[in-house]
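The structure appears right after this line, and notes come after that.
Values in this text are rule-based calculations from the coordinates and carry no lab data. Please read these numbers as outputs of a predicted model, since none were measured by experiment. Note that each Cβ is placed from the backbone with ideal geometry, even for glycine, and that neighbours are counted across all protein chains shown.
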Amino acid sequence: MSGARPLEPWRWLGVPMLQVLTATVLFGIPLRVFGLQLPEPVFPLALAFAWAVIRPSILAPFAILLMGLFLDLFWGGPMGLWALCLLIAYGVALAGRNMMAGQSRLILWAWYGLTVATAMVAGYLFVMLDSRSSPGLIPMAWQFLATIVLYPFSQRLIDLFEDADVRFR
């Protein structure tokens, strides 16, 4: 791909991280239209997947940890819940990175869905262990659907930076 951008950390980590956190805050505004509230997708999951596909990095897990801690503070959940879930998603995507190489966008979307499902199931189990009660499955299913719809944003980031580092081709 000739349109690949250079792999500078502020460009492939910093800017998308700020965009995702801004989107999280905007979607967290308690606005109701016709009695319906905005969905609350887990925007950082798109980055956790994309960063694992783009290339292995030492900086990405730290950025994912920071985003997860921000989500915990913003949503008022147990500290470390989303950080751990996002890191699990990153690990799953990183482990499957070689199998994803050269696959079509539809297959990558399926991998993204598997990654999101893994993070959501981990979050469900952690919340269940912490609260000793079962969280609602329907809100979790809506959050899952709202999050897998974000795949095109992840694919755009992959398209921009996938070929930028010649060491990982």
With unit charges on the beta carbons (Lys and Arg positive, Asp and Glu negative) and the dipole taken about the Cα centre of the chain, which residue among THR118, LEU81, GLY102 sits farthest to the positive side? GLY102
Rank these for me by crowding, ILE88, ILE29, going from fewest to most other beta carbons within 10 Å. ILE29, ILE88
To make sure I understand, if each residue's beta carbon is the centre and we count other beta carbons within 10 Å, what order do GLU40, GLU8, GLU162 fall in, fewest to most? GLU8, GLU40, GLU162
What angle, in degrees between 0 and 90 and rounded to the nearest 10, separates the Cα long axis of helix 15-27 from the longest principal axis of the Cα atoms of the chain? 20
Quick note, the range 76-156: a/c under 1.5 would make it rounded; otherwise a/b > b/c is prolate and the rest oblate (a ≥ b ≥ c, C-alpha gyration tensor); here it is prolate
Least to most buried among MET17, MET140 (fewest other Cβ within 10 Å first): MET140, MET17
Relative to the chain, whose Cα atoms define the longest principal axis, helix 151-161 and its Cα axis are tilted in degrees, nearest 10, by 30
Highest mean packing first, using Cβ neighbours within 10 angstrom, the peptides 120-131, 99-110 sort as 120-131, 99-110
Considering the values [x] 23, 18, 16; [y] 27, 17, 16; [z] 39, 18, 14, which represents semi-axes √(5λ) of the Cα gyration tensor in Å as calculated for the structure under consideration? [y]
Measuring from centroid to centroid over Cα atoms, what is the spacing of the range 59-111 and the range 127-143 in Å? 19
Between 0 and 90 degrees, rounded to the nearest ten: what's the tilt of helix 59-75 against the longest Cα principal axis of the chain? 20
Toy charge model, Lys and Arg Cβ at +1, Asp and Glu Cβ at -1: the chain dipole around Cα centroid in debye, rounded to 20, equals 180
